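The values are calculated or read from the model by the stated rules, or taken from the named source; none is laboratory data. The structure presented is a predicted model; accordingly, all values stated were derived computationally and were not measured. So basically every Cβ, Gly included, is an ideal-geometry build from the backbone, and we count neighbours across all protein chains shown. These accessible areas exclude ligands, DNA and RNA; they are computed on the full protein's heavy atoms, side chains included. Shrake-Rupley method; radii C 1.70, N 1.55, O 1.52, S 1.80 Å.
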Amino acid sequence: SQTIHQWPATLVQPVGSPLSLECTVEGTSNPNLYWYRQAAGRGLQLLFYSVGIGQISSEVPQNLSASRPQDRQFILSSKKLLLSDSGFYLCAWSAGQEVNEQYFGPGTRLTVT
Amino acid sequence: AQSVAQPEDQVNVAEGNPLTVKCTYSVSGNPYLFWYVQYPNRGLQFLLKYITGDNLVKGSYGFEAEFNKSQTSFHLKKPSALVSDSALYFCAVSPGGAGSYQLTFGKGTKLSVIP
């Protein structure tokens, strides 16, 4: 069966510090991968998605970037965090080349102080 | 562009009563529709989806949803609510088709089941 991991689970970082969140998927090949941010426990904002190694699509211009160095690894980064980057970050994966359900990781709670 | 509306921020229902969480959508073409549930500080869990076929879709944990094309709705239902169903519920839509990977999510509806 497929599983998706995210780490760390929680993170407290000062403004201006760098960020690296990691997501890995097991049990599937060539997944579509997604990064979302959820603010205040509500709506999800799609940040990035990737359909293959090195292929990243950005949905919202921002202080963040994403990379996919391996087939089942997706990394969310920032060079300098802003207060507004605080939130709950969710990674997800889906299979195939058409719309399918997405499966979410457990999330990372980021607090920028 | 597609959109999803969940008109109720919160729904309260007594344990054992039927529950409905409402969702309406706007999309070009035939929609792909999804429901997810989120427990506090957890990721979203997939409940069910509609792509084509029978308008009544059955999913996990006894939930079902009814697709209504004329009303552009996809309401989530359960015949008898449990306290453990209390959570945040999200509806999502996609226009479907090859290369259309993204889901557009509603803002979520908080369901509280009262013992």
Checklist outcome for this item: Exception for A:Val112 within (1) free of Cβ contacts under 8 Å to residues at least 24 places away in the same chain; (2) open to solvent by less than 30 Å² (accessible area, probe 1.4 Å); (3) among the hydrophobic types (A, V, I, L, M, F, W, C); (4) over 19 Å from B:Leu44 (Cα atoms) falls at (1)
Item to check | Exclusive hit being of a type in the set (Gly, Ala, Ser) and over 25 Å from A:Gly87 (Cβ atoms), set B:Gly53, B:Gly108 | outcome: B:Gly53
Next on the checklist: Given (1) open to solvent by 40 Å² or more (accessible area, probe 1.4 Å); (2) facing chain B (nearest Cβ under 10 Å), identify the lone condition not met by A:Phe104.
Outcome noted: (1)
Checklist entry - Given (1) touching a His at 6+ places or on another chain (Cβ under 7 Å); (2) at pLDDT below 95; (3) basic (Lys, Arg), where does B:Lys22 come up short, assuming only one miss? => result (2)
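Against the condition open to solvent by 20 Å² or more (accessible area, probe 1.4 Å), within 14 Å of chain A (Cβ to nearest Cβ), assigned to a strand (DSSP E or B) and touching a Ser or Thr at 6+ places or on another chain (Cβ under 9 Å), how does B:Tyr25 come out, does it pass? I'd like the intermediate steps shown before the answer.
Details: open to solvent by 20 Å² or more (accessible area, probe 1.4 Å): yes; within 14 Å of chain A (Cβ to nearest Cβ): yes; assigned to a strand (DSSP E or B): yes; touching a Ser or Thr at 6+ places or on another chain (Cβ under 9 Å): yes.
Yes: the conditions hold for B:Tyr25.
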Checklist entry - Among the strands (runs of 3 or more DSSP E) contained in region A:1-102, which hold 2 or more residues that are in contact (Cβ under 8 Å) with a residue 24 or more places away in the chain? => result A:3-7, A:10-13, A:19-26, A:32-38, A:44-52, A:65-70, A:73-78, A:87-94
Next on the checklist: Just to verify a result, which residue in region B:46-73, among those that are among the polar types (S, T, N, Q) and surrounded by 15 or more Cβ atoms within 10 Å (Cβ to Cβ), is farthest from the other protein chains (Cβ to nearest Cβ)?
Outcome noted: B:Ser73
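Kindly indicate which of A:Ser58, A:Ser78, A:Ser67 is open to solvent by less than 30 Å² (accessible area, probe 1.4 Å) and on the phi < 0 side of the Ramachandran plot. Before the answer, list the steps.
Numbers: A:Ser58 fails: open to solvent by less than 30 Å² (accessible area, probe 1.4 Å); A:Ser67 fails: open to solvent by less than 30 Å² (accessible area, probe 1.4 Å).
Matching residue, one of A:Ser58, A:Ser78, A:Ser67: A:Ser78.
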Checklist entry - Is one or more of the residues making up region B:84-105 more than 24 Å from A:Pro31 (Cβ to Cβ), surrounded by fewer than 18 Cβ atoms within 10 Å (Cβ to Cβ) and in contact (Cβ under 8 Å) with a residue 60 or more places away in the chain? => result no
